Amino acid sequence: MKPIGKVKSSELDFEKGNGLIPVIVQEYKTRKILMLAYMNKEALNKTLETGLAHYYSRSRKKLWKKGETSGHIQKVKRILVDCDNDTLLLQVEQIGNACHKGEHSCFHMLLSEAEEIHKRFDEEILAKIKREVENAKVIRKSWVKDESKKDYLYILNAITEHYNPPEPEVYEWIAEKLDELTSDNVDKIVVPECFGIPIAQLLASRKGKPLAIIRKRPLVPEDKGVEYSSGYEKGNYYIYGLKEGDSIILVDDAVSTGGTLLSIIKELENMDVNISDVVCIVSKESYEGSKIIFKETKLKVKSIVRVFLDDTKPRVEASYNEDFSFPVLP
C-alpha cells in the first residue's frame, strides 16, 4: 500500500458500526493477515497512546489489550484508513502467535466449497510454468564436472534463469507453495548467490526470517571457501551469517547434477548447521542431482516441477509424492 493522504481520527465513521469500527491486522514484516478485530474510540485512543494494539470485545463488551494474558502483544507500526473512513488496517510486529488456537494467523483454514477455485488457480500457474520451460531455448555449455559428458544442456527460461522477467503472480505462487512445504521453525533462509535469490527472498519474507546469501566471492580476501562443481561451472562458495546450531531452509532455483547443493550441504553439516529443508523450483531429472543428494545426505530435495530433457527438448511434470501433491499438468 502506498498512502496518498491523511485522515484525522475525528473523521472516522464509528456510527456506521454502532460505535465500533472493524480493524484488519497485518504483520508488517511478512505482510500476512493475522486477524480481524473491532475498536471503539477508547480502544483507538489507547492504541495511539501506548503503541500497542487495543480492541473492543463484542462478546465480553469490554476494552482489551491484545496479549494481555498470553503476552502475545502487537506493537503497532502503521495505521491506515480505508476509502470510506470506516475500516482500519493495523500493520504490527506480532510477538508470539496472533491466534488463540496457537496458529500464527487466525486465517489458517481453507473454505471447502472453494476447492475447485483453488485447484483451478494452481493448474493455471503450473500451466504457465510448463509453457515457459518447455518453449525455452536450450543451449549447450561445456561439461566441466568430470569426464562423463561433453555438454551441459542449459534451459534459458524466465522461471529459473530470469532470461525474461518472470510474472510476479507466478513467483508469488511458487513462494506460497515453498512456504507450505517447509517448516516455520527455522532461524534463517539460505541461498547460494545466483538465480535462487529472488525466490529465497520471497520465502524469507513469508517466514519473517533473515536471508543469508552464500557468496561466490570472499568478502574478506583471506576467507576460505568451499569448492563446488556443477555441470557447467566450477568455483568456490563462501558462507557468511551462519553459526553452529542454526536451523535453516536451503533454497536454490534448480537442482541438476547436485554438485552445488551437495558441496554446500556437506559444509553446512560440518558447521553443525541443521538443514530443515532443501527446496527448489525445478529439479532437472535427467541429471539425477536430487537422487545423488538423497543418497549421500538423506536429504530430500523438494521441487515445484520436474524437468526431463528428451533430445534437448524440455518436458515438464508436476512434482508429487507423499509430502507434496499437485494436479497433473494439462
- Message: So, taking all protein chains as they sit and a 1.4 Å probe, how much accessible area belongs to GLU27, in Å² rounded to tens?
- Response: 10 Å²
- Task: Hey, can you find the accessible area per residue of region 49-174 for me, probe 1.4 Å, expressed in square angstrom?
- Result: 62 Å²
- Message: Over region 163-267, what is the relative contact order in percent, taking alpha-carbon pairs closer than 8 angstrom and at least six residues apart?
- Response: 29 percent
- Excluding ligands and nucleic acids, what accessible area in Å² is computed for TYR38 using a 1.4 Å probe, to the nearest 10? 60 Å²
- Over 24 Å (Cα to Cα) among LYS119/LYS295; LYS128/LYS302; LYS6/LYS207; LYS2/LYS130; LYS29/LYS128; LYS130/LYS216 -> LYS119/LYS295; LYS6/LYS207; LYS2/LYS130; LYS29/LYS128; LYS130/LYS216
- Report the relative contact order of the chain, percent, no decimals, based on alpha-carbon pairs under 8 angstrom and at least 6 residues apart. 12 percent
- Taking a 1.4 Å probe, which of SER10, SER105 shows the most accessible area, and what order do the others take after it? SER10, SER105
- Burial order of peptide ranges 140-148, 197-205 (average beta-carbon count within 10 Å, highest first): 197-205, 140-148
- Query: What is the distance in Å between the Cα centres of region 157-211 and region 89-142?
  - Reply: 11 Å
- Per residue, how many Å² of accessible area does region 194-277 show with a 1.4 Å probe? 44 Å²
- Extreme residue, positive dipole direction of region 150-226, given options ALA212, LEU181, ASN164 (C-beta unit charges): ALA212
- Task: First compute the accessible area of region 90-134 with a 1.4 Å probe, then give the percent of it belonging to carbon and sulfur atoms.
- Result: 54 percent
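The values are calculated or read from the model by the stated rules, or taken from the named source; none is laboratory data. This one's a predicted model, so the numbers in the text were calculated from it and none came from an experiment. Counting neighbours? That spans all protein chains shown, and the Cβs are built from the backbone with ideal geometry, glycine included. Ligands, DNA and RNA are excluded from the accessible area calculation, which covers all protein heavy atoms including side chains. Shrake-Rupley method; radii C 1.70, N 1.55, O 1.52, S 1.80 Å.
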